Amino acid sequence: MELNFNPLSTPTVFVTVGLPYSGKSTYIKKDNILRKLQIVDTDSFIENRAKMMGKTYQDVFKKSIGSATDRMKVMLDLYYRFKQSFIIDQTNLSVEKRERLIKQAKENNYKVVALVFEKAPNDEELEKRVKMRSDKNIPINVLKQMSEKFVRPTKAEGFDEIISINGWKA
């Protein structure tokens with residue numbers, strides 16, 4: 001990924017946009033720039049809670065999502081307060097979901113960059129990825145419903161940059 005600025009010196013929030021299993025978290029871990037930044041999400045909190053309880057992600061999701069969201073809000077406030085660049089690693093499929101995130105970033109004088117993972121894997125690859133993730137299993141029909149909610153991000157929403165990770169050019 002190439003940027004025309006340094007996110008380590010320019011406060012930047014990267015907002016992932018893509019379906020589950022599209023490679024968002026994997027890409028972040030492998031990218032030379034992004035892997036240096038902190039990640040704000042709800043999944044890691046829920047996954048850790050499930051692991052501690054000896055349960056699955058699905059077993060604890062409904063009871064944990066509220067706490068995970070509260071924790072995420074606290075983390076966002078801390079990063080903004082200390083002007084640290086970071087990544088919001090969630091699906092962020094709709095304009096409405098992204099609106100609050102962009103507004104908060106702009107209020108804190110941050111650059112906002114969308115990392116778009118538009119191309120969902122084909123059905124065969126998707127099933128393979130679902131099977132690989134024994135810790136988190138989202139049914140295929142739910143994934144297909146989610147894909148119908150996908151709206152490409154635009155600069156009109158407030159993004160300073162939109163970067164296609166796998167195919168779509170802004």
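The values are calculated or read from the model by the stated rules, or taken from the named source; none is laboratory data. In this text the structure is predicted, and so the values were computed from the model without any measurement. Glycine gets a Cβ as well: all are built from the backbone with ideal geometry, and neighbour counts include every protein chain shown. With ligands, DNA and RNA removed, areas are computed over all heavy atoms of the protein, side chains included. Shrake-Rupley method; radii C 1.70, N 1.55, O 1.52, S 1.80 Å.
Does LYS106 satisfy the criteria of being at pLDDT 75 or above, within 28 Å of ASP77 (Cβ to Cβ) and assigned to a helix (DSSP H, G or I)?
Answer is yes for this residue.
Just to be sure, is TYR21 in contact with a Phe, Trp or Tyr (Cβ under 7 Å, 6 or more places away or on another chain), of a type outside the set (A, V, I, L, M) and not in a strand (DSSP E or B)?
no
Test of understanding: among LYS149, LYS155, which residue is open to solvent by 60 Å² or more (accessible area, probe 1.4 Å), modelled with pLDDT of 95 or more and either among the small types (Gly, Ala, Ser) or out of contact with any Phe, Trp or Tyr (no Cβ under 9 Å at 6 or more places or on another chain) (or both)?
LYS155
Residues of the stretch 64-79 being open to solvent by 60 Å² or more (accessible area, probe 1.4 Å) and of a type in the set (Val, Ile, Thr), which ones?
The one that is open to solvent by 60 Å² or more (accessible area, probe 1.4 Å) and of a type in the set (Val, Ile, Thr): VAL74.
Is there any pair with a first residue in the stretch 30-46 that is within 19 Å of GLN84 (Cβ to Cβ) and open to solvent by 40 Å² or more (accessible area, probe 1.4 Å) and a second that is of a type in the set (Val, Ile, Thr) and not in a helix (DSSP H, G or I) whose Cβ atoms are under 9 Å apart and which are 6 or more apart or on different chains, and what are they?
These pairs meet every condition: GLN38/ILE87; ILE39/ILE87; ILE39/ILE88.
Tally up the residues in the stretch 29-60 that are outside any helix (DSSP H, G or I), more than 27 Å from VAL13 (Cβ to Cβ) and among the β-branched types (Val, Ile, Thr), please.
1
Collect the residues in the stretch 81-114 that are touching an Asp or Glu at 6+ places or on another chain (Cβ under 8 Å), of a type outside the set (Val, Ile, Thr) and crowded, with 18+ Cβ neighbours inside 10 Å, keeping them in residue-number order.
ASP89, GLN90, ARG98, LYS111, ALA114 - these are the residues of the stretch 81-114 that are touching an Asp or Glu at 6+ places or on another chain (Cβ under 8 Å), of a type outside the set (Val, Ile, Thr) and crowded, with 18+ Cβ neighbours inside 10 Å.
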